[in-house]
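Asker: Below is one structure. I have some questions about it.
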């Protein structure tokens with residue numbers, strides 16, 4: 001019989017997409033006040049994989065990938081997604097978003113993204129939020145799945161995520177207590193709390 005234990009802490013990551021570089025910088029600042037300092041902010045990455053966002057957010061969209069130093073409990077992801085939805089809404093103009101923020105987390109085994117849209121590969125979490133299994137990590141590399149978004153199939157994004165995972169694995173070793181000499185399974189300690197209380201403009205509606 002398996003015995004439930006505390007899940008290992010995971011690495012919070014976010015993709016920020018916008019045509020407004022100043023807005024992205026401002027959003028990273030707000031996120032840092034909630035989640036703690038980032039330990040990776042990628043260079044500006046062009047985004048030409050889909051025109052899905054252009055009608056709402058305009059052309060010439062760019063992305064930045066951000067990873068945060070403080071590890072989180074994986075069950076905090078729905079609350080973080082709801083908070084970032086509120087941040088998107090607070091920065092909107094004329095009812096249209098100017099930035100898209102996709103939070104997720106890295107574990108030793110996979111990349112999970114939060115989404116408001118259910119599907120066969122997206123188990124429900126809570127409060128209208130689903131978990132998207134985006135990438136698997138095995139044999140020393142990330143691997144795409146049949147439903148993985150085209151941008152996350154790219155070597156450039158996967159190389160960034162590999163660098164984030166390398167840092168995470170070092171943090172994970174220090175966060176996990178040593179296994180006892182008896183071989184007893186020892187669960188992870190509770191990770192430190194971060195912010196992400198619902199702020200002004202927070203609603204229960206969920207956007208992708």
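Only the coordinates and a few stated rules stand behind these numbers; no lab work does. Quantities reported herein were computed from a predicted structural model and do not represent experimental measurements. Here Cβ is always computed from backbone atoms with ideal geometry, including for glycine, and neighbour counts include all displayed protein chains.
Asker: Could you rank the peptides 86-94, 31-39 by their average count of other C-beta atoms within 10 Å per residue, with the highest value first?
Answerer: On the way: 86-94: 14.6, 31-39: 16.6.
Going from most to least packed, we get 31-39, 86-94.
Asker: Would you mind classifying region 59-116 by shape? Square roots of the alpha carbon gyration tensor eigenvalues, ordered a ≥ b ≥ c; an a/c under 1.5 is rounded, otherwise it is prolate if a/b is larger than b/c and oblate if not.
Answerer: Details: a/c = 2.51, a/b = 1.72, b/c = 1.46.
Prolate shape, in that a/c is at least 1.5 and a/b is the bigger ratio.
Asker: Go ahead and run the numbers for FRET between residue 146 and residue 33, Cβ-Cβ distance against an R0 of 35 Å, rounding to 0.05.
Answerer: On the way: r = 38 Å, r/R0 = 1.08.
For R0 = 35 Å, the calculated efficiency reads 0.40.
Asker: Pairwise over distinct Cα atoms, reciprocal of the mean inverse distance: report the Kirkwood radius of region 14-63 in Å, one decimal place. Provide the component values of the computation, followed by the final result.
Answerer: Working: mean 1/r = 0.0849 Å⁻¹.
Answer for region 14-63: a Kirkwood hydrodynamic radius of 11.8 Å.
Asker: One quarter of the convex hull surface, Cα atoms only: what value does that give for region 11-175 in nm²? Don't jump to the answer; show the numbers that get you there.
Answerer: Numbers: hull surface 37.9 nm².
For region 11-175, the mean projected area of the Cα convex hull comes to 9.5 nm².
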